[in-house]
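Below is one structure, written out as structure tokens; the observations come after it.
The values are calculated or read from the model by the stated rules, or taken from the named source; none is laboratory data. Predicted, not measured: the structure shown is a model, and the values here were computed from it. All Cβ positions, glycine included, derive from the backbone under ideal geometry; neighbour counts span all protein chains shown. Note: accessible area is taken over every heavy atom of the protein model, side chains too, but ligands, DNA and RNA are not part of it. Shrake-Rupley method; radii C 1.70, N 1.55, O 1.52, S 1.80 Å.
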Amino acid sequence: MSATDSAAATGLLDVPPEPLPPTRPLERMLRLFSDVREDEGPRLLGLTFNVFLILVAYYVMKPVREVLILNQPGGAELKSYAYAAQAALLLVLVPLYSAVAARLPRRRLINVVTALFIACLPVFYLLAERGVAVGLVFFLWIGVFSLMVIAQFWAYANDLYTPAAGKRLFAVIAFGASAGAVAGAWLSGRLIQIIGAHALLLAAAGVLALSLALFNFIDRDDSQRRQPGSAVDDQPDKVIGGRSAFALVAGNRYLLGMAVVILLLNWVNSAGEYILSAIVKQAAESQIAAGLLTRADQGRFIGAFFADYFQLVNIIGLVLQLFFVSRLVKWLGVPLALCVLPVVALGSYGVAMLLPSLAIVRWAKTAENAVDYSLMNTVRQMLFLPTSRDEKYNAKQVIDSLVVRSGDVLAAATVYVGTTVFALNVSQFAAINVLLVLAWLAASVLTGVEFHRRTAVSKKAPA
């Protein structure tokens, strides 16, 4: 008997055999992008299209948000305070969501929550058509929607798959979200010319209703037959239950680590957007002073810069998502993949601190945001794979909504204090971000170690 056979016989090597390549055309096609196995294709495509529709609906609504809030007296100022108001609102809504989740199985929970959001849209449409000032209320509503409904979708995806299967397949599902954002932004620009701004709300309601119908089809099919890669304890009719959302996070070292990672990520990224905006404005002022740009064309210069910047970020992010994310996760593992974005951000803000020029900072921020929208967006969803059902639905709402918005609020406070009290320049703001990124990297390492510990047992099970 060989050493390997002897080890396997005694249980020292408990590695499942490599599965055979899929034979069906659908799975063979999907293997171009990820390690998709036999019979996994239909549910995977269903989930991918489901999140695609949710993001299309959100981006169709986004222009209406701007129209309603900016047409309201003091709208521009209200926008600057709205993120803090959203954080305060989530302090109420997250425990309410947790209380509902404690009494309902996942299908009813998702149906109830999504249906309530859909029902609001015709009401907003009618009020806006009658000239009622709903800009601030809608701004708060869409902010809550964008966080809670997307977090709920990813909680459901985490609930369906084992950690091993989720690590293989989430990159494809996340591509649906990225593609939905691009398609929704494109669609809203065309529809607004045909049906007007307010009617976009009704179009979004229709898209969300379609996504909800698709969810019910997926979940019913999943409950009728066990799908490949399904979680061992997947019981769709079981009440989610569990402790309150805040108690779950506060009492769990792993969830706290995730919360710190997400808080620092959003704090750094939002402050980084201010750094980029400040450099763009400085560049425009320099061109005006040099006679290369007129004051009247300053807005066009800034708008053209950000249009090109966002388009490039989206294109690079989509390419990374489709062709590289699943492979990077497979090669590096989730713990190391979690550290990629803070390392990229460290380089970005280190460069901005030493060489705060527009050309350099633009490419540094492009790299940071492209990695954020692709690799990091996928890995942060994978972190919930080795958690219990109540942690997936309840704790995820705390981390993906309240903690996210709190990071934005901290960034706004940093910019306000830095500009009004200390009169900091771009290099100094970048130096603050470097310090924050170092803390973020440390939190990512610790959280990655805990993820590895939690998933070690699952490696013995087939993926």
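Points worth noting:
- Only protein heavy atoms count here; under a 1.4 Å probe, S178 has an accessible surface of about 20 Å².
- Dipole orientation for the chain: of the candidates S146, V445, S188, S146 has the Cα lying most toward the positive pole (charges on Cβ; Lys, Arg +1; Asp, Glu -1).
- Sorting W267, W331, W440 by accessible area puts them as W331, W267, W440; the probe is 1.4 Å, largest comes first, and only protein heavy atoms count.
- Summarising the amide proton neighbourhood of Y161: residues at separation of 5 or more, or on other chains, whose placed amide H is nearer than 5 Å comprise A231.
- Accessible area of the range 306-463 divided out per residue, in Å², using a probe of 1.4 angstrom: 41 Å²
- Using θ = phi - 60° in the Karplus curve 6.51 cos²θ - 1.76 cosθ + 1.60, the 3J(HN,Hα) couplings for the range 386-396 round to x, 10, 6, 4, 5, 5, 4, 8, 8, 5, 5 Hz; x is entered for Gly and Pro.
- Legend: residues Y161, Y125, Y58, sorted from most to least accessible area (1.4 Å probe; ligands, DNA and RNA excluded), read Y125, Y58, Y161.
- Part-to-part distance (alpha-carbon centres) for the range 78-139 and the range 323-351, which is given in Å: 34 Å
- Structural size metrics of the chain, computed from C-alpha coordinates, are Rg and Dmax of 23.1, 83 Å.
- Rolling a 1.4 Å probe across all protein chains gives R454 an accessible area of roughly 70 Å².
- Report summary: the helix-based calculation at 222 nm, which adds -39500 (n - 2.57) for every DSSP H run with n ≥ 4 and divides by the residues of the chain, gives -25000 deg cm²/dmol.
- Computed accessible area, D159, all protein chains, 1.4 angstrom probe, square angstrom: 10 Å²
- Residue-wise HN-Hα coupling along the range 428-439, computed from phi with Karplus coefficients 6.51, -1.76, 1.60 (Hz; x: Gly, Pro): 6, 5, 5, 5, 4, 5, 4, 5, 5, 5, 4, 5
- For A247 and R220, a Förster radius of 35 Å and the Cβ-Cβ distance give a FRET efficiency of 0.60, rounded to the nearest 0.05.
- Among the listed pairs K62/K281; K62/K238; K79/K167; K330/K365; K62/K365; K62/K396, those whose Cα-Cα separation exceeds 32 Å are K62/K238; K79/K167.
- Accessible surface of the chain, 1.4 Å probe, proportion on carbon and sulfur as whole %: 68 percent
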